[in-house]
Amino acid sequence: MKTILFLVVGLLATFPTKAADEQPAPLTADATLEKQIVSAVKQLSAAKAADRDAAEKELLELAGNTTTDTDRFLALLPKDNDQMPLALRDRLSRIRKQIEDRTAKVATNGTKITLSAKEMPLKDVLKSIEQQTGNKLVDSRDDDPDFKGASITIELKDEPFWSAVDKILDQVQLSINNVGGEAALSLVPRGNGVRPRVGSAVYEGPFRIEATQVEADRNLRQSSEATLKLQFEVGWEPRLPPIALSQPPGDVHATTDNGTALIITQPDALQDVEVTAGTQGAEIVLPLSLPDRQAKKIASLKGTLHALVPGRHAKFQFEKFTKSIGKSQELGGVRITLDDVKKNGAVWEVHVRFALGENSTSLQNHRDWVLQNLSYLVDEHGRHIENAGFEMTRQTATEVGVAYFFDVTQDLDALAWVYETPAAIVDLPVSYELKDIELP
């Protein structure tokens, strides 16, 4: 296509100037971007290092920062291949990775809400939140035929997602069911005596962190075994469910209101928390030293937990997929290989491998999330055919093999196999400070 483009431009330059209404139509946005990319990529092989560096910088700027912009850019950026000089391949690979990493980190920022509502139906408020943030909220009472609805009066301007949601839920006396079973916040009636959400938690980017329970355990025979267990809940924007959470014990620092420092008493007890699909929150328990009875509160508990989150998603599609056996597709450090397609009784088995890039070793203990990704067939009319089940067939340090089962009678080469997965994983540090936690 690039060769054709240059030929056309060259031919047009040889023709006499014509009237304005006979001039060629201006280049589309994509065509303009492609032309800029072609020029900059050519400059990556320039003789002078300064020219090569300038071209790389230009490409990084052309990519933009939004997911839409970067997806458009990456689709036009030439793939490195064996026909290219090694130096050019290395440059392109580095540029692609920088752009993917940058976009992934932008995607993990918290969202904001602007809303001017006066007696606005709650369902319309929830719809506006979803449109602005991509986060779905579902009022469980909508299924109750006796429910008459609720309304909201509130003014929000660039309010962080969780702060806005807490204000709205306090107004209508609702809570969140963290095991609602779908990629949405499930809103449920609030029980008697439940404290307000506003002022009970801290917000950090897309996360909400709230201390929920404190237990003191004092062994009357062995005073050295006295412990204090603090439980806190980590919630997240439903558009960004983490793969796993971890709380390094060395990153926790706590003091009481009388100045006593609390230490983690069982560092090995702090395990990584696998996040179950369909949940919107997870609990972490900190085993702390038990202070003397003069302490009434934990004045400050500072920590930094780590969340493995999908920075951006990708859709891998294999057309006429029985003819794609042995082929691979790669995007953002994720490689999908279609190993085999075979008949087993009335069911077709699709054997695939999911491989993680060299920089994804942090996922080695969290591979179950691969099985939560979407795998389906698409017919010529765009209809989805969901898989009838799956089983893991391979598990190594960087690869997971899965066999998906499909009960179909159509000609397989009239179908495409689609796999949707995070294409960039971000190890996101989440710093927090909880204050004035009442001791039992």
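Among what's in region 177-208 and is hydrophobic (A, V, I, L, M, F, W, C) and open to solvent by less than 30 Å² (accessible area, probe 1.4 Å), pick the residue that is farthest from LYS136 (Cα to Cα). Talk me through it step by step, then tell me what you get.
First pass over region 177-208, keeping only residues hydrophobic (A, V, I, L, M, F, W, C): 179, 183-185, 187-188, 194, 198, 201-202, 207.
After this cut, where a residue has to be open to solvent by less than 30 Å² (accessible area, probe 1.4 Å) as well, the list is 184-185, 187, 201, 207.
Values: ALA184: 5, LEU185: 6, LEU187: 11, ALA201: 21, PHE207: 15 Å.
Going through the qualifying residues, I end up with ALA201.
Screening GLN317, GLN294, GLN329 for residues that are in contact with a strand residue (DSSP E or B) (Cβ under 6 Å, 6 or more places away or on another chain), free of Cβ contacts under 8 Å to residues at least 40 places away in the same chain and polar (S, T, N, Q) leaves exactly one candidate, GLN329. Counting the residues of region 251-291 that are part of a strand (DSSP E or B) and in contact (Cβ under 8 Å) with a residue 40 or more places away in the chain gives 15. Looking at (1) over 27 Å from the mean Cα position of the chain (by Cα); (2) surrounded by 15 or more Cβ atoms within 10 Å (Cβ to Cβ); (3) acidic (Asp, Glu), find the lone condition where ASP217 falls short. The single condition ASP217 does not satisfy is (2).
Matching residues to (1) open to solvent by 70 Å² or more (accessible area, probe 1.4 Å); (2) among the charged types (D, E, K, R); (3) at pLDDT below 50; (4) not in a helix (DSSP H, G or I):
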residue	(1), (2), (3), (4)
PHE6	yes, no, yes, no
LEU12	yes, no, yes, no
ALA47	yes, no, no, yes
ALA55	no, no, no, no
LEU60	no, no, no, no
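Scan region 359-391 for residues that are within 21 Å of ASP340 (Cβ to Cβ) and at pLDDT 90 or above and jot them down. Matches in region 359-391: SER375, TYR376, LEU377, VAL378, ILE385, GLU386, ASN387, ALA388, GLY389, PHE390, GLU391. Kindly indicate whether PRO249 is touching a Lys or Arg at 6+ places or on another chain (Cβ under 8 Å) and either open to solvent by 40 Å² or more (accessible area, probe 1.4 Å) or at pLDDT below 95 (or both). Judged against the criteria, PRO249 is not a match. Remark: pairs (first residue in region 112-134, closer than 12 Å to PHE161 by Cα; second residue aromatic (Phe, Trp, Tyr); Cβ separation under 6 Å; 6+ apart in sequence or on different chains) = THR133/PHE161.
Here is a yes/no grid of residues against (1) assigned to a strand (DSSP E or B); (2) of a type in the set (Gly, Ala, Ser):
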residue	(1), (2)
ASP82	no, no
ARG91	no, no
GLN98	no, no
ILE113	yes, no
SER116	yes, yes
GLU119	yes, no
ASP124	no, no
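Count of region 145-157 residues, restricted to those that are of a type outside the set (A, V, I, L, M) and open to solvent by less than 70 Å² (accessible area, probe 1.4 Å), is 4. Looking only at residues in region 62-78 that are surrounded by 17 or more Cβ atoms within 10 Å (Cβ to Cβ) and among the small types (Gly, Ala, Ser), the one that is farthest from GLY134 (Cα to Cα) is ALA63. The condition of being open to solvent by less than 10 Å² (accessible area, probe 1.4 Å), touching a His at 6+ places or on another chain (Cβ under 9 Å) and assigned to a strand (DSSP E or B) holds for only one of THR421, THR393, that being THR421. Looking only at residues in region 220-246 that are outside any strand (DSSP E or B) and touching a Pro at 6+ places or on another chain (Cβ under 9 Å), the one that is surrounded by the fewest Cβ atoms within 10 Å (Cβ to Cβ) is ARG239.
Rundown of residues vs (1) at pLDDT 95 or above; (2) open to solvent by less than 50 Å² (accessible area, probe 1.4 Å), yes/no style:
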{"site": "SER93", "(1), (2)": "no, no"}
{"site": "LYS97", "(1), (2)": "no, no"}
{"site": "ASP101", "(1), (2)": "no, no"}
{"site": "THR108", "(1), (2)": "no, yes"}
{"site": "SER116", "(1), (2)": "yes, no"}
{"site": "ASP143", "(1), (2)": "no, no"}
{"site": "GLU159", "(1), (2)": "yes, yes"}
{"site": "SER163", "(1), (2)": "yes, yes"}
{"site": "ILE168", "(1), (2)": "yes, yes"}
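Within region 79-91, restricting attention to residues that are surrounded by 14 or more Cβ atoms within 10 Å (Cβ to Cβ) and over 27 Å from LEU428 (Cα atoms), the residue that is modelled with the highest pLDDT is LEU88. Scanning region 292-343 for residues that are touching a Ser or Thr at 6+ places or on another chain (Cβ under 8 Å), surrounded by 15 or more Cβ atoms within 10 Å (Cβ to Cβ), part of a loop (DSSP other than H, G, I, E, B) and not hydrophobic (A, V, I, L, M, F, W, C) gives a single hit, GLY333.
The values are calculated or read from the model by the stated rules, or taken from the named source; none is laboratory data. Owing to the predicted nature of the structure, the values given are computational and were not obtained by experimental measurement. Here Cβ is always computed from backbone atoms with ideal geometry, including for glycine, and neighbour counts include all displayed protein chains. Side chains are part of the model used for accessible areas, which takes the heavy atoms of the whole protein and leaves out ligands, DNA and RNA. Shrake-Rupley method; radii C 1.70, N 1.55, O 1.52, S 1.80 Å.
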